[in-house]
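K.L.:
Could you have a look at this structure, given as structure tokens, before my questions?
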Amino acid sequence: MIKLIPIEKLRPGMYVHDLNCGWFDHNFALNHFAVKNEKTLEEVRAIGVHEIYIDTSRGADVDGGTSAEEQARKVDAQIEAIAAAGPDVQPPPSVAEEMRQARGLHKQAHRIVRSMMSDIRLGRQIEMEQVEPMVERIVDSIFRQQDALLPLARLKTHDEYTFLHSVSVCALMTAFARALELPRDVIREIAIGALLHDVGKAKVPDSILNKPAKLTDAEFDKMKSHVVQSKIILQHTPGISQIALDVAAQHHERFDGTGYPNKLKGEEISLYGRMGAIVDVYDALTSDRVYHKGMPPTEALRKLLEWSKFHFEPTLVQAFIRAIGIYPTGSLVRLESGRLAVVQEQHPEHLLQPTVKVVYHSKGHYLEPEVVDLRRVQQERIVGHEAFESWGIDPARWLTA
């Protein structure tokens, strides 16, 4: 049986089924393994997780704990409560109209970030006269219709991850900040910090950034140093605000004090750093990397909600979920009819009933695409989320349509 137990109950002889944290927060080659001795036990505890999943069929058991099924039911109940609490707002403009502009915006942002990282490697300063107009356009697009740009941010290749991750985090942070009803000038600074939050990775060798195997302790320390490097680079960039600096310098801090580089805790972390931590983890979880396959967005949101007991501020995680949807735009979902559909547009007042485009049948064949507003169809509803690769469906074909 798979069960969730407090980390204090983990003992040698048990089998770890899931470390219950992101791939980027630990240095183990796998997320599941036997705890053979005290050394391994201490290494697991050093990660900073408070709860961990064990497999009692492959290792020792312990009294107490929560079965994986029961934990999933608890998270599902929280998800439904978040959906029920959604605000009533006016519908946004057409997604199709904004999509035409969003495609070009996404490509241009990618080019600017790639060029900027190259300049930093050569010792040059960040050119804010390029960054600021791009950020303004991203903010404008999200304010007009966020369902156009956000799904494009999911399209990443392994070798372009570092650059496209920055664009994704910028778009997601803008949508998050807008949902929190922060002032427009504050949102702009948050977006700048988000686009630049990983500039310190320009100081990390590509051999470490793209290593497909487990990093050594020294390599892992070098990888983590990118946060301090980002802060140093931005402190020497004219025109950077404290808000933008907080996003970059604090996005790996954790609400329970287990993050880095300064192990800040609770409100010692600025609001912008707490937001950045949530968005950075979400985008990393949903992205394909050389060392792991990204998970479906809804599954990543479930993980964030589960981890919000310790690592993230719970109210902010719930606000982020409301901001991007229970089934985020661009997600593949299964309908009660057995058809598969790509989520097209969110309805904040009905988060479990987005507009979707039906494209495939679970019996194994494509369908004539059909756009369905699930608020208007009584006999159809979403029954679960799916992974594109499980059905051999190319997400790029549908996320840019």
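The values are calculated or read from the model by the stated rules, or taken from the named source; none is laboratory data. Quantities reported herein were computed from a predicted structural model and do not represent experimental measurements. Here Cβ is always computed from backbone atoms with ideal geometry, including for glycine, and neighbour counts include all displayed protein chains. We work out accessible area using only protein heavy atoms, side chains counted, and drop any ligands, DNA or RNA first. Shrake-Rupley method; radii C 1.70, N 1.55, O 1.52, S 1.80 Å.
K.L.:
Mind listing just one residue for me: the one in the stretch 149-191 that is part of a loop (DSSP other than H, G, I, E, B) and within 25 Å of Ala96 (Cβ to Cβ) and, of those, most open to solvent (accessible area, probe 1.4 Å)?
P.N.:
Step by step, filter the stretch 149-191, then rank; the result is Arg154.
K.L.:
Taking the stretch 354-401 as the search range and keeping residues that are hydroxyl-bearing (Ser, Thr, Tyr) and more than 25 Å from the chain's Cα centre (by Cα), which one is surrounded by the most Cβ atoms within 10 Å (Cβ to Cβ)?
P.N.:
Tyr360
K.L.:
When residues of the stretch 39-90 are filtered for being under 14 Å from Leu19 (Cβ atoms) and outside any helix (DSSP H, G or I), how many remain?
P.N.:
Selection size over the stretch 39-90: 10.
K.L.:
Suppose we keep only residues that are outside any loop (DSSP other than H, G, I, E, B) and modelled with pLDDT under 90 within the stretch 1-38. Which one would you say is most open to solvent (accessible area, probe 1.4 Å)?
P.N.:
If we take residues in the stretch 1-38 being outside any loop (DSSP other than H, G, I, E, B) and modelled with pLDDT under 90, then Trp23 is most open to solvent (accessible area, probe 1.4 Å).
K.L.:
Something else about it: Here's a check for you: in the stretch 192-220, which residue that is open to solvent by 50 Å² or more (accessible area, probe 1.4 Å) and part of a loop (DSSP other than H, G, I, E, B) is farthest from Ala153 (Cα to Cα)?
P.N.:
Thr216
K.L.:
Quick check: anything in the stretch 64-75 closer than 26 Å to Val169 by Cα, over 25 Å from the mean Cα position of the chain (by Cα) and small (Gly, Ala, Ser)?
P.N.:
no
K.L.:
Let me confirm something: among Val113, Val35, Val49, Val75, which residue is of a type in the set (A, V, I, L, M, F, W, C) and touching a strand residue (DSSP E or B) at 6+ places or on another chain (Cβ under 9 Å)?
P.N.:
Val35
K.L.:
Still on this model: Identify, please: which residue in the stretch 301-337 is over 23 Å from Asn31 (Cβ atoms) and aromatic (Phe, Trp, Tyr) and is, among those, most open to solvent (accessible area, probe 1.4 Å)?
P.N.:
Tyr327
K.L.:
Tally up the residues in the stretch 119-134 that are closer than 20 Å to Lys201 by Cα and in contact (Cβ under 8 Å) with a residue 12 or more places away in the chain, please.
P.N.:
Qualifying residue count, the stretch 119-134: 7.
K.L.:
Then there is this: Out of (1) open to solvent by less than 10 Å² (accessible area, probe 1.4 Å); (2) of a type in the set (S, T, N, Q); (3) over 15 Å from the mean Cα position of the chain (by Cα), what's the single condition that is false for Gln146?
P.N.:
All conditions are met except number (1).
K.L.:
Restricting the stretch 87-112 to residues that are small (Gly, Ala, Ser) and open to solvent by 20 Å² or more (accessible area, probe 1.4 Å), which is modelled with the highest pLDDT?
P.N.:
Taking the candidates together, the pick is Gly104.
K.L.:
Looking at the stretch 55-69, I want the residues that are at negative phi and have a partner that is assigned to a helix (DSSP H, G or I) and of a type outside the set (A, V, I, L, M, F, W, C) with Cβ atoms under 7 Å, at least 6 apart or on another chain. Which pairs are those?
P.N.:
These pairs meet every condition: Val62/Lys9.
K.L.:
Of the conditions (1) in contact with a helix residue (DSSP H, G or I) (Cβ under 7 Å, 6 or more places away or on another chain); (2) crowded, with 20+ Cβ neighbours inside 10 Å, Thr298 fails just one. Which one is it?
P.N.:
The one condition Thr298 does not meet is (1).
K.L.:
Only one residue in Leu209, Leu215 is closer than 20 Å to Asp119 by Cβ, at pLDDT below 95, out of contact with any Gly (no Cβ under 8 Å at 6 or more places or on another chain) and hydrophobic (A, V, I, L, M, F, W, C). Which one?
P.N.:
Sole residue among the options that is closer than 20 Å to Asp119 by Cβ, at pLDDT below 95, out of contact with any Gly (no Cβ under 8 Å at 6 or more places or on another chain) and hydrophobic (A, V, I, L, M, F, W, C): Leu209.
K.L.:
Look at the stretch 221-240 and say how many of its residues are open to solvent by less than 30 Å² (accessible area, probe 1.4 Å) and not in a helix (DSSP H, G or I).
P.N.:
1
K.L.:
Another question, if that's okay. Out of all the residues in the stretch 260-293, which are among the polar types (S, T, N, Q) and either open to solvent by 10 Å² or more (accessible area, probe 1.4 Å) or at pLDDT 95 or above (or both)?
P.N.:
Asn262, Ser270, Thr286
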